[in-house]
Amino acid sequence: MTTEDRAHIAQRAAALLAAQLKPRWQPQPHQIPPPGNWTGWLLMAGRGAGKSKACAEYVRQHVNGPPCLPGPVPHWIAIIAPTLGDGVTSMYEGPGGIRNADPGARLVQAPGGTVIRWPNGSQAKLFGSHTPEDVERLRAGGNSCLAVLEEFATWRYMEQTYDQLRFGLRSGPRPHWIAATTPKPRPLLKRMLSGEISGVVHTHATMYDNPHLEQSVKDALEETYAGTDIGAQELHGRLIDEVAEALWTRATIEETRVRADEVPDLVRVSVGIDPSGGAGEQGIVVVGKSGLVIPGDGGRPQHHGYVLDDRSCKLSPDQWGRRAVQAAVDWEADEIVAETNYGGAMCVATLRTASEALGVNIPIRTVTATRGKTVRAQPVAALAAQGRWHMAGVFPELEDQMATWYQELGWSPDRLDAMVWPAWQMKLVGTMTRGQGSLGGDLARKQIAGTRLR
């Protein structure tokens with residue numbers, strides 16, 4: 001061995017000794033788990049606050065703590081992220097991931113999927129929440145003692161994935177979950193924050209609570225996003241109940257709201273259906289079209305649209321089919337309007353079977369989406385801005401989607417979609433054949449192709 005080799009070995013040994021003597025991770029106050037016997041810890045914070053790092057360190061401590069299970073695998077953990085790839089990147093490989101927190105953890109491709117394994121036998125399986133298949137995979141993913149919910153509010157199939165992880169979270173003396181997320185106005189997140197879901201504790205932090213984030217990064221983000229909705233959400237970790245990019249504002253919804261007994265005589269009633277095409281929610285919304293209404297300023301008489309009922313649900317095909325047909329019966333609807341992009345024949349068959357079971361014969365119109373949801377919804381939002389689209393009552397979940405959804409969010413607003421289809425079918429909005437118009441010719445072109453079924 002040469003003198004150079006000895007020097008190199010000595011240098012490496014000194015570096016390893018320094019690493020051993022260096023204090024381990026020093027958490028910030030918001031990264032310390034709350035005391036108590038909680039079921040879920042929700043860490044809601046802005047970008048760069050160290051959310052993933054807090055989760056990775058929590059997993060490290062859990063794995064190296066008292067075993068939850070007897071036998072060769074003392075801990076079974078589920079890690080769920082927006083997609084499987086996101087889970088690998090943020091929760092394992094990234095600078096704030098498990099590999100950095102615990103070098104003994106190894107990512108492997110096992111027969112059952114992507115798994116992290118520890119020297120003591122503990123295992124963590126990674127899942128996504130982007131497709132119905134992801135939800136079904138979690139359903140079959142086995143039981144766990146701990147679940148980690150990475151960027152929880154961005155999950156596409158949020159409610160369905162949460163249901164399945166809760167069903168499987170039943171191993172050991174204290175099964176529980178931890179969630180890290182930048183806030184987004186999703187109904188499940190709002191229920192957790194309001195206390196409707198018991199056993200959930202909440203920690204809040206902003207980008208500024210991380211002293212290790214470079215000041216130049218903070219300055220650059222502030223310069224671009226300070227004073228904006230997205231800045232309040234992404235930097236300060238605030239839950240924004242109304243998003244500037246959304247098509248409706250809360251003020252417009254309130255200004256155009258009417259009581260149920262203020263709805264005028266209707267010339268047509270339709271039940272809009274937006275089937276999930278998988279594990280999601282089925283949108284079922286009842287909309288009515290008034291006769292010609294003379295404006296207060298004496299202008300041209302126009303029809304108005306009224307949202308009469310929201311019976312959206314998350315049920316089996318037989319159950320949601322009956323629910324939709326029953327809504328049509330209760331409101332004496334002229335038709336059911338169903339989007340058929342996902343499982344078109346199945347959707348029609350479901351509604352027909354439900355109609356036969358209830359002993360009624362209601363026309364079913366099928367519509368096919370040919371362009372984006374924003375293009376379909378924008379003319380209906382314009383009706384509201386003109387004072388011609390009304391909520392006949394209060395529909396919290398639907399109104400949340402109206403005031404917070406925009407195309408880039410990546411999840412499907414089933415209730416909003418179901419509300420929009422009747423407006424097109426009843427010709428409250430329609431095709432602009434020429435001219436630019438207030439929304440532009442492209443935005444006003446017809447979005448549906450309809451056929452009548454008996």
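The values are calculated or read from the model by the stated rules, or taken from the named source; none is laboratory data. From a predicted model like this one, the values you see are computed outputs, not experimental measurements. Glycine also receives a Cβ, built like all others from the backbone with ideal geometry; neighbour counts cover every protein chain displayed.
Let's see how each residue does on (1) in a loop (DSSP other than H, G, I, E, B); (2) small (Gly, Ala, Ser); (3) not assigned by TED's automatic domain parsing to the domain that holds Val329:
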residue: Ile240; (1), (2), (3): yes, no, yes
residue: Glu245; (1), (2), (3): yes, no, yes
residue: Glu255; (1), (2), (3): no, no, no
residue: Asp261; (1), (2), (3): no, no, no
residue: Pro264; (1), (2), (3): yes, no, no
residue: Val267; (1), (2), (3): no, no, no
residue: Ile273; (1), (2), (3): no, no, no
residue: Gly283; (1), (2), (3): no, yes, no
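Here is a yes/no grid of residues against (1) surrounded by fewer than 15 Cβ atoms within 10 Å (Cβ to Cβ); (2) in contact with a Pro (Cβ under 6 Å, 6 or more places away or on another chain):
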| site | (1), (2) |
| --- | --- |
| Val201 | no, yes |
| Pro211 | yes, no |
| Asp229 | no, no |
| His236 | no, no |
| Asp261 | yes, no |
| Leu266 | no, no |
| Val269 | no, no |
| Gln282 | no, yes |
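Taking the stated definitions as given, is Gly48 surrounded by 10 or more Cβ atoms within 10 Å (Cβ to Cβ) and assigned by TED's automatic domain parsing to the domain that holds Met158? For Gly48, the condition - surrounded by 10 or more Cβ atoms within 10 Å (Cβ to Cβ) and assigned by TED's automatic domain parsing to the domain that holds Met158 - is met. Given the criteria of a type in the set (A, V, I, L, M), surrounded by 13 or more Cβ atoms within 10 Å (Cβ to Cβ) and either in contact with a His (Cβ under 8 Å, 6 or more places away or on another chain) or modelled with pLDDT of 85 or more (or both), does Val243 qualify? When the stated conditions are applied, Val243 does not pass them. For beta carbons closer than 8 Å, sequence separation of 6+ or different chains, a first residue in region 404-421 that is closer than 19 Å to Ser129 by Cα and assigned by TED's automatic domain parsing to the domain that holds Glu335 and a second that is part of a helix (DSSP H, G or I) and at pLDDT 85 or above, the qualifying pairs are Trp405/Leu416; Gly410/Thr154; Trp411/Met158; Pro413/Gln401.
The set of residues in region 32-80 that are assigned to a helix (DSSP H, G or I), of a type in the set (A, V, I, L, M, F, W, C) and within 15 Å of Pro173 (Cα to Cα) contains only Val63. Residues of region 203-238 that are touching a helix residue (DSSP H, G or I) at 6+ places or on another chain (Cβ under 6 Å) and assigned to a strand (DSSP E or B): Thr203, Ala205. Using the structure shown, decide if Ala14 is modelled with pLDDT under 95 and either in contact with a helix residue (DSSP H, G or I) (Cβ under 6 Å, 6 or more places away or on another chain) or within 30 Å of Thr228 (Cβ to Cβ) (or both). No; evaluated as a whole, the condition is false for this residue.
Listed here are the residues, each with its yes/no results for (1) of a type in the set (A, V, I, L, M, F, W, C); (2) crowded, with 19+ Cβ neighbours inside 10 Å; (3) modelled with pLDDT of 90 or more; (4) within 13 Å of Ile79 (Cβ to Cβ).
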{"site": "Gly104", "(1), (2), (3), (4)": "no, no, yes, no"}
{"site": "Leu107", "(1), (2), (3), (4)": "yes, no, yes, yes"}
{"site": "Gly112", "(1), (2), (3), (4)": "no, no, no, no"}
{"site": "Gly141", "(1), (2), (3), (4)": "no, yes, no, yes"}
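Inclusion of Glu57 among residues that are assigned by TED's automatic domain parsing to the domain that holds Pro211, within 30 Å of Glu159 (Cα to Cα), touching a Phe, Trp or Tyr at 6+ places or on another chain (Cβ under 9 Å) and at pLDDT 90 or above is warranted.
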